[in-house]
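Read the structure below first, then the notes.
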Amino acid sequence: MAITTRQFDAVVVGAGGSGLRAALQLAEANLRVAVLSKVFPTRSHTVAAQGGVSASLGNEEPDNWHWHMYDTVKGSDYLGDQDAIEFMCRKANEAVIELEHFGMPFDRLDNGKIYQRPFGGHTSNYGERAVKRACAAADRTGHAMLHTLYQRNVRAKTQFFVEWMALDLVRNQAGDVLGVVAMEMETGEVAILHAKATLLATGGAGRIYSASTNAFINTGDGLGMAARAGIPLEDMEFWQFHPTGVAGAGVLITEGVRGEGGFLLNKNGERFMERYAPTVKDLASRDVVARAMATEIKEGRGAGKDADHILLKLDHLGADVIDKRLPGIREIAKKFANVDPAKDPIPVVPTCHYQMGGIPTNMHGQVLAGHSGNAIVKGLYAAGECACVSVHGANRLGTNSLLDLLVFGKASGEQVVKDLRADAIAHQDLPKDAADRALARLARLDSAKSGESVHEVGAELRRTMQLHCGVFRFPDSLAEGVRKINEVAERAGRLYFKDKSKVFNTARVEALELENLVEVAVSTMVSAHARQESRGAHDRSDFPNRDDANWMKHTFWYKEGNRLEYRPVNLKPLTVESFEPKARVY
Amino acid sequence: MRLSIYRYNPDVDAQPYMQDYDIELEPTDRMLLDALVRLKSVDDTFAFRRSCREGVCGSDAMNINGKNGLACITKIADLKEPVVIRPLPGLPVIRDLIVDMSQFFKQYHSVTPYVVNDAPRPETERLQSPEDREELNGLYECILCACCSTSCPSFWWNPDKFVGPAGLLQAYRFIADTRDQATNERLDNLEDPYRLFRCHSIMNCVDVCPKGLNPTKAIGKIKDLLVKRTV
């Protein structure tokens, strides 16, 4: 089959926050860049981020990057790499100020500076008390940020390939990445986008769980592509369950509600977080709050007729504050929970929200070739939620995701520019089999006359993850989960759909997405089963404590052989002293 | 639940047609999007866009019982059956409910949709008072779903010449931003019998906006500024 090849200096896969931030760097350096996105850029999932982006601007009270760094290291339950964390926290102010200059409509203080609110796990003076560090545009920070970054790319005349889905990486014999094979959804046409640099910015894969705050498009396409190309996935057992998803609907209610003074109640009307985190209470790290809520529900103190949720109370803030600072939340609560939060509490449950693991990178966005040493995959970069730098370790702090995508989106863009300038070479020749893997996947799907339903296998995958790999994890259940998810993977090898059309075939897209979700789910379950400790978001009933002697290390999962390897955590920051692991109390 | 849905796949259909469906809902299906996703699990040939399922990404705009809206925040209980679903009016149909939005985005791009400020960048943020920032409320929240522009007769007749309510709302978003320095150029760009003045204040845009925004009001403000400029 003849296949079109198009050449670019760089290809960016994904047009959410990190993809757009990186693309801006490339376009402004006058590189020929193609940005691929399954959806129009402003529909990417960054749009759904609500509460804020962290930066120690200190606009209302004293703050500094070192406190932010401490909070992030502690929040990560000491699994984050401290060099990368220092890098991110030091760059935060610059990243946020730059965004403001781009036109981001931040809320303002009376003196005209950016408004900041408290957020979970962010403290002053190394854990003393909650600090106002989250820079916010009402409760629509992600929306405002994504649109601003898109607008800035319009200005830079970035070239977008809208509604194109990347299928697989092109790798040559030496292991270098030379671009991607991608499909235009409108026509079903497949093309090779031949590039000197390929940057994955495909976001997370929260759709592996039934109860998820994530958009339908969050299917881990970059992770699937990486795994199939022989690149390991790091720390996949760590998934953040956001404390406040609307019960039943999964829709996110920002932690900013608690930042503004809202709090959680059990069925007895007790403000139970006082028991679990006496200092910062409802503003403890998300893993801590989610576990406390799940414990309340497990022990019969959940609210509602089935005692299956927790109540988020904010009516005491008053309708004025709610309308000014949390207007989107009021809208969501009315629509999805049938309550007006200015009058009644919102029913919430911990809901899958964020993938701490991902494609292993260094802090310049270069993808690591393996678990040992610092060798990189030449030509491949990753940033944002699909990457694991690792700054979030075992648990991400709220507002650090938007910071991550700004800082590492830019850093990886800068690295690409640097590498392409230094390496002023022509494109490497494409291998003869460049498109074979992708074409074989498509050919199998298009020629299938019967097989497994995409819908049913997807539902089974999500059920399995939800049941066997949730907030609390049990040894027997994980073992059963590994067996079941491998079975799901095997079924996913026989997917079938009726629609054989070339034109905007969303059935085909969903099948391809499911193949990516499978890689994410298998890596998650296998990694979780193997980690015999409790750390951050990974909570094992049989190993209830953190085990720094044996488990202060990153998991590396390889698709080939479903194999695990480990890499020590980097405890050494760039310029300051290490934060030594200690017991984590809030 | 009974649905009547516009179907058209240029690969196989000579003409568009309406297809009736009767689907079993689950108790958890609350929004129209839930019903469409359930339908898709039965008939995988049915094509539509969707992503965030909470009314912020703007993907699943469609015409629902004659009115444009987002399927993900339209409650099933509020809909009269059979629910008649068509693609957004006035744009070329690619397939089923999926329309070609090029014209819509072209108009958005035509309003210089970014803050223009060529002054040297300060070390800190550019200051803006809370009152000045408040001017952006009701403007910056637009999700570019196109419900408004595709409900506007003026946009139907002149999609290539009239910017349309969504584009004009964004044009005013940058005019209203105290950090922007290009108000005059922005007004020049719109001073045209078609680009701005095809708006006849029919207010369909206000009626359908799923985010409760008011493009007509923003358009009125632009017109006022143009008048003020000439006096």
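No value in this document is a laboratory result; all are computed from the given coordinates. Just so you know, these numbers come straight off a predicted model, no measurement behind them. Using ideal geometry, Cβ is built from the backbone for each residue, glycine included, and neighbour counts are taken over all protein chains shown.
Among DSSP bridges having both ends in chain B, what percentage is antiparallel? Round to the nearest 5.
Details: 15 of 18 bridges.
If we restrict to bridges inside chain B, about 85 percent are antiparallel.
Measuring gaps between exposed loop sites in chain A (GluC sites (Glu not before Pro); DSSP loop; at most 15 other Cβ atoms within 10 Å), the longest gap, sites not included, is A:300-576.
The Cα atoms of region B:123-231 give a gyration tensor whose axes a ≥ b ≥ c have a/c of 1.5 or more with a/b no greater than b/c, which makes the shape oblate.
Taking a straight Cα-Cα cut-off under 17 Å and skipping sequence neighbours fewer than 8 places away in the same chain, the lysines within cross-link reach of A:LYS500 are A:LYS449, B:LYS40. Annotation: amide H of A:ASP168 within the under-5 Å range of A:VAL181, sequence separation 5 or more or interchain, hydrogens built in the peptide plane.
Shape analysis of the protein assembly as shown places it in the rounded category; the axes a ≥ b ≥ c from the Cα gyration tensor give an a/c below 1.5. Look at where the Cα atoms of region A:235-312 and of region B:182-229 average out, and the two centres are 45 Å apart. Between 0 and 90 degrees, the angle of helix A:82-102 with respect to the longest Cα principal axis of chain A falls at about 90 degrees. In this structure the amide hydrogen of B:ASP44, modeled in the peptide plane, comes within under 5 Å of the amide hydrogens of A:LYS498, none closer than 5 places in sequence on its chain. The 3J(HN,Hα) values that the Karplus relation (6.51, -1.76, 1.60; θ = phi - 60°) gives for region A:389-402 are, in residue order, 7, 10, 9, 9, x, 8, 6, 8, 7, x, 6, 7, 6, 5 Hz. Gly and Pro appear as x. Per-residue ellipticity at 222 nm, computed for chain A from helices alone with -39500 (n - 2.57) per DSSP H run of at least four residues, works out to -11000 deg cm²/dmol. Beta bridges per DSSP, both residues in the protein assembly as shown: antiparallel share near 70 percent. Just check region A:380-494 against the gyration tensor rule for me: Cα atoms, a ≥ b ≥ c as the square roots of the eigenvalues, rounded for a/c under 1.5, and otherwise prolate or oblate depending on whether a/b exceeds b/c. Oblate, since a/c reaches 1.5 and b/c is not below a/b. Using only DSSP helix segments of four residues or longer, with each worth -39500 (n - 2.57), what per-residue ellipticity at 222 nm results for chain B after dividing by its residue count and rounding to 500? When only DSSP H runs of four or more count, the value is -8500 deg cm²/dmol.
Using only alpha carbon positions, build the gyration tensor of region A:89-204, then give the equivalent ellipsoid semi-axes as the square roots of 5 times its eigenvalues, largest first, whole angstrom.
Numbers: eigenvalues 293, 72, 34 Å².
Listed largest to smallest, the semi-axes of region A:89-204 are 38, 19, 13 Å.
Remark: region A:510-519, residue by residue, has Karplus-estimated 3J(HN,Hα) of 5, 5, 5, 5, 4, 4, 6, 4, 4, 4 Hz, where x stands for each Gly or Pro and the curve is 6.51 cos²θ - 1.76 cosθ + 1.60 at θ = phi - 60°. Here A:LYS559 is the anchor, and the lysines within straight C-alpha reach of less than 18 Å, apart from those fewer than 8 places off in the same chain, are A:LYS484. Excluding same-chain neighbours fewer than eight residues apart, the lysines reachable from B:LYS80 by a Cα-Cα span under 19 Å are A:LYS335, B:LYS67. Within region A:504-526, list the residues whose amide N lies under 16 Å from a label point set 7 Å along Cα→Cβ of A:ASN486. Within reach of a label on A:ASN486, which here means backbone N under 16 Å from a point 7 Å along Cα→Cβ, region A:504-526 contributes A:519, A:521-526. Per-residue Karplus couplings for region A:181-192, computed as 6.51 cos²θ - 1.76 cosθ + 1.60 with θ equal to phi - 60°, are listed in order as 9, 9, 10, 7, 5, 4, 10, x, 6, 10, 9, 9 Hz, Gly and Pro entered as x. Restriction of the trypsin sites (Lys or Arg not before Pro) in region A:300-388 to DSSP coil positions whose beta-carbon has at most 13 other beta-carbons within 10 angstrom yields A:LYS305, A:LYS343. Can you list the residues, at least 5 places off or on another chain, whose amide H is less than 5 Å from the amide H of B:GLN19, using H built in the peptide plane? Excluding prolines and chain starts, which carry no amide H, the hits are B:ILE5, B:TYR6, B:ARG7.
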